[in-house]
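One structure below.
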Amino acid sequence: MCDACGCHTNDDATEKIVEVHQSLLAANLEQAQKNRQHIEAMGAVAINMISSPGSGKTTLLEHTIDYIGDKFRIGVIEGDIETERDANRIRAKGIPVVQLTTGGACHLDAPLVHKGLHALEKQSKDGTFDLIFIENVGNLVCPASFDLGEHNRIILLSVPEGSDKPAKYPTTFNGAQALIITKTDLLSYFDFSVEEAVREALHLNPDLAVVELSATQGLGMEAWTAYLDDVLVNR
Amino acid sequence: MHELSLAQGLIDQLKELAGAHKATRIMTVRVNIGTMAGIVVDSFVFGFNAVKTETNCVREAQLKITEVDGDDLILAQVIME
């Protein structure tokens, strides 16, 4: 029908039926596969770090750099809604880092990480790394649905958050390779049952590796670096 | 899931299709949503109808959802002119 006068003069002209049959979920997965190949071409293993805000992802990275920054070539991709604060902390450690700010999205996705990988490459002399940490936006829900191209996905759960979280967020814990319980120096101040958290997480995902640590107090860091050694050896 | 960003992704795809087929208006969009896809249909439709108004060629598009088995979200068919 004509918008101007309501007549039907041009009705039969141009209607077209297009059969499409395309997945709308496939787009992120395709880019994630490309990211994975890109990371491999950089000689690296990428680890996607997922947790609630404030669980200690950046702090763990800072201390990890202290422990193994001389042994392995580390690169970091930081994801936040706003600010470059986390990237600044990593940069202060002398490590190549890129900050991705989503401006609103509550998770990183493969297309954003693709840009991050290209930016990170430029910060290394020959474009290669051993370990790339992708610190996701602080959020225990949404990041779980988005493959970024990582080889390993780890979930941080800090003692103050409570040991019931694996049961309450099954998709998140199910899709991971490791559970890192952080801030274990605070166990005496909270009702956190390590046994409950580990039992419920393993119930969802029997292959989950578990590490308990306190980055600031230097507890469990050997187990953590041993886990990273393992990931690198088994790449 | 992320119904609004999925709806935005659908609209981006519709704009591309309209361009490729030299169409000025998308009239009907048929989408199949898997029951295991973790997508809340109402939220997806709501998001689509909210975002479509920002783009001329998609503004009048009617979204028709069919629930199917499986865990995917498929753009099945588009009627345009």
| remark: Out of (1) surrounded by fewer than 20 Cβ atoms within 10 Å (Cβ to Cβ); (2) within 14 Å of chain B (Cβ to nearest Cβ); (3) closer than 24 Å to residue A:161 by Cβ; (4) not β-branched (Val, Ile, Thr), the one residue A:108 does not meet is (1)
| Candidate set from the stretch B:60-79 (those that are more than 7 Å from chain A (Cβ to nearest Cβ) and under 15 Å from residue A:22 (Cα atoms)); member that is nearest to the chain's Cα centre (by Cα) | B:65
| Number of the condition not met by residue A:71 [criteria: (1) surrounded by 15 or more Cβ atoms within 10 Å (Cβ to Cβ); (2) of a type in the set (Lys, Arg); (3) more than 15 Å from the chain's Cα centre (by Cα)] | (1)
| request: Determine which member of the set A:132, A:50, A:68, A:77 is in contact with a strand residue (DSSP E or B) (Cβ under 8 Å, 6 or more places away or on another chain), hydrophobic (A, V, I, L, M, F, W, C) and within 26 Å of residue A:160 (Cβ to Cβ). | output: A:50
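Of the residues that sit in the stretch A:1-36 and are of a type in the set (Ser, Thr, Tyr) and surrounded by 13 or more Cβ atoms within 10 Å (Cβ to Cβ), which one is modelled with the lowest pLDDT?
Looking at residues that are of a type in the set (Ser, Thr, Tyr) and surrounded by 13 or more Cβ atoms within 10 Å (Cβ to Cβ), I get A:14.
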| said: I'd like the residue in the stretch B:16-25 that is over 18 Å from residue A:26 (Cα atoms) and not aliphatic (A, V, I, L, M) and, out of all such residues, is nearest to the other protein chains (Cβ to nearest Cβ). | reply: B:21
| task | Output the residues belonging to the stretch B:1-60 that are within 29 Å of residue A:143 (Cα to Cα) and small (Gly, Ala, Ser). | result | B:5, B:7, B:9, B:34, B:37, B:38, B:43, B:47, B:50
| query | Just for the stretch A:50-74: of the residues that are among the acidic types (Asp, Glu) and part of a helix (DSSP H, G or I), which one is farthest from residue A:229 (Cα to Cα)? | reply | A:62
| field | Only one of A:149, A:127 that is buried (at least 21 other Cβ atoms within 10 Å of the Cβ) and touching a helix residue (DSSP H, G or I) at 6+ places or on another chain (Cβ under 8 Å) | value | A:149
| request: Any chance you could count how many residues in the stretch B:1-33 are part of a helix (DSSP H, G or I) and within 14 Å of the chain's Cα centre (by Cα)? | output: 16
| remark: Taking the stretch A:179-193 and keeping residues under 23 Å from the mean Cα position of the chain (by Cα) and farther than 14 Å from residue A:144 by Cβ leaves A:180, A:181, A:182, A:183, A:184
| Would you say residue B:36 is in a strand (DSSP E or B) and either in contact with a Gly (Cβ under 7 Å, 6 or more places away or on another chain) or within 12 Å of chain A (Cβ to nearest Cβ) (or both)? | no
| query | Among A:77, A:47, A:39, which is the only one that is at pLDDT 90 or above, crowded, with 18+ Cβ neighbours inside 10 Å, more than 11 Å from every other protein chain (Cβ to nearest Cβ) and not in a strand (DSSP E or B)? | reply | A:39
| Scanning for something in contact (Cβ under 8 Å) with a residue 24 or more places away in the chain, more than 20 Å from residue A:146 (Cβ to Cβ) and in contact with a Lys or Arg (Cβ under 9 Å, 6 or more places away or on another chain), does the stretch B:6-16 turn up at least one residue? | yes
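If I filter the stretch A:10-36 down to residues being part of a helix (DSSP H, G or I) and of a type outside the set (Gly, Ala, Ser), which single residue comes out as nearest to the other protein chains (Cβ to nearest Cβ)?
Top of the filtered list is A:28.
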| remark: Residue set A:173, A:129, A:192; condition in contact (Cβ under 8 Å) with a residue 24 or more places away in the chain and closer than 27 Å to residue A:98 by Cβ; output residue A:129
| field | Counted residues, the stretch B:26-53 - those being over 19 Å from residue A:28 (Cβ atoms) and either free of Cβ contacts under 8 Å to residues at least 40 places away in the same chain or buried (at least 17 other Cβ atoms within 10 Å of the Cβ) (or both) | value | 10
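The values are calculated or read from the model by the stated rules, or taken from the named source; none is laboratory data. Everything quoted here is computed from the prediction, not taken from an experiment. We place every Cβ from the backbone using ideal geometry, glycine too, and count neighbours over all the protein chains shown.
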